[in-house]
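To start, the structure under review is shown below, and the notes come after it.
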Amino acid sequence: MMTDASRTLRTPRAYISFIVIGLLAGLLSGLFGVGGGTVIVPLLVLMLQVDQRRAAGTSLAAIVPTASVGVISYAVSGNVAWIPALILAAGAVVGAQIGTRLLPRISQSALRWGFVGFLVVVIISLFVVIPSRDAVFELGWINGAALLLVGVGTGILAGLIGVGGGVIVVPVLMLAFGTSDLEAKGTSLLMMIPTAISGTIGNLRNGNVDIVAAAIIGVSACSTTALGAWLATLIDPFLGNVLFAAYLAFIAVQMAVKALRSRRR
């Protein structure tokens with residue numbers, strides 16, 4: 001038996017909303033190497049009043065096909081570091097489990113303010129460090145171990161505050177590992193696929209995924225992800241940093257607003 005909330009997600013307006021959300025998420029996913037969850041989740045909540053947990057679960061499921069198309073788009077031009085991405089993904093899967101277990105014990109408000117501070121530092125760094133398009137990631141024992149730690153940290157944050165890996169991994173690969181902006185984005189998208197699949201399996205068990213919505217959003221996103229990846233190759237690295245900084249600033253404002261609201265309650 002369908003609830004009132006379920007019926008509202010099976011109307012023509014809802015289907016059109018899913019398509020619009022997917023098109024926008026796909027474009028940003030390809031352009032910045034992110035999963036698109038920072039777009040999908042708030043728009044599902046604002047436009048269709050979807051429950052926050054269900055919106056997050058639906059978003060994660062939609063990211064699987066979106067990221068897959070993005071990886072192919074970046075791989076065609078040789079901008080995916082395959083082994084580093086798998087190391088990051090392995091760490092992220094473990095970290096996500098740790099994050100979900102820590103969730104009841106840590107203040108969400110403090111976490112959000114800490115993440116806002118991290119984003120501010122990254123935004124400033126993006127105007128100082130301009131990645132070279134010729135830079136190539138050379139994997140060694142030391143930076144391999146560092147990648148694993150970054151993956152674990154990314155997974156923990158994803159489990160604690162629902163932040164997608166691309167927002168963390170892309171700037172860290174560029175600023176800390178000296179990776180080109182394009183390779184950082186392609187590698188980030190590949191890392192997300194096993195992480196998103198793992199999370200989606202858990203969300204399906206808990207009934208936190210709207211499969212129809214995820215399918216429509218995912219397919220719609222696939223149609224613009226390649227366009228976003230192509231635009232990323234045309235944009236000058238400095239301009240790419242400026243646009244990515246603006247995107248991160250948008251996320252930082254979202255987090256700050258959530259932190260302020262939770263304090264008032």
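The values are calculated or read from the model by the stated rules, or taken from the named source; none is laboratory data. Bear in mind the structure is a predicted one, so any value in this text is a computation, not a measurement. Backbone-built Cβ (ideal geometry, glycine too); neighbour counts: all protein chains shown.
Out of all the residues in the stretch 188-224, which are of a type in the set (Val, Ile, Thr) and touching a Pro at 6+ places or on another chain (Cβ under 9 Å)?
Step one: list which residues in the stretch 188-224 are of a type in the set (Val, Ile, Thr), which gives 193, 195, 197, 200-201, 209, 211-212, 216-217, 219, 224.
Selection gives VAL219 alone.
Determine, yes or no, whether ILE124 is surrounded by 13 or more Cβ atoms within 10 Å (Cβ to Cβ) and assigned to a helix (DSSP H, G or I).
Values: surrounded by 13 or more Cβ atoms within 10 Å (Cβ to Cβ): no; assigned to a helix (DSSP H, G or I): yes.
No: the conditions fail for ILE124.
Could you list, ordered by first residue, the pairs with Cβ atoms under 8 Å in which the first is in the stretch 60-75 and under 14 Å from THR233 (Cβ atoms) and the second is part of a helix (DSSP H, G or I) and among the aromatic types (Phe, Trp, Tyr), at least 6 apart or interchain?
Qualifying pairs under 8 Å: SER73/TRP230.
Output the helices (runs of 4 or more DSSP H) that fall wholly within the stretch 143-247 and possess 3 or more residues being among the charged types (D, E, K, R) and surrounded by fewer than 17 Cβ atoms within 10 Å (Cβ to Cβ), or say none. Break it down stepwise before answering.
Values: elements: 166-175, 181-205, 211-234.
By residue number, no helices (runs of 4 or more DSSP H) qualify.
Looking only at the stretch 1-27, how many residues end up being surrounded by fewer than 23 Cβ atoms within 10 Å (Cβ to Cβ), modelled with pLDDT of 85 or more and not aromatic (Phe, Trp, Tyr)? Let's see the steps before the verdict.
To start, the set of residues in the stretch 1-27 that are surrounded by fewer than 23 Cβ atoms within 10 Å (Cβ to Cβ) comprises 1-17, 19-20, 23-24, 27.
Next, only the ones that are modelled with pLDDT of 85 or more stay: 11-17, 19-20, 23-24, 27.
Adding the requirement that they be not aromatic (Phe, Trp, Tyr) leaves 11-14, 16-17, 19-20, 23-24, 27.
So the answer is 11.
I'm trying to understand the selection: among the residues of the stretch 189-206, which are farther than 22 Å from ALA89 by Cα and free of Cβ contacts under 8 Å to residues at least 12 places away in the same chain?
Filtering the stretch 189-206 for residues farther than 22 Å from ALA89 by Cα gives 206.
Those that are farther than 22 Å from ALA89 by Cα and free of Cβ contacts under 8 Å to residues at least 12 places away in the same chain: none in the stretch 189-206.
It is to be established whether one or more residues within the stretch 240-257 are small (Gly, Ala, Ser), under 11 Å from LEU31 (Cβ atoms) and within 15 Å of the chain's Cα centre (by Cα). Show your work before the answer.
Our first condition is that a residue be small (Gly, Ala, Ser); within the stretch 240-257, this holds for 240, 245-246, 249, 252, 256.
Narrowing further to those that are under 11 Å from LEU31 (Cβ atoms): 240.
Those left that are additionally within 15 Å of the chain's Cα centre (by Cα): none.
Within the stretch 240-257 (the criterion being small (Gly, Ala, Ser), under 11 Å from LEU31 (Cβ atoms) and within 15 Å of the chain's Cα centre (by Cα)), the answer is no, since none of the residues qualifies.
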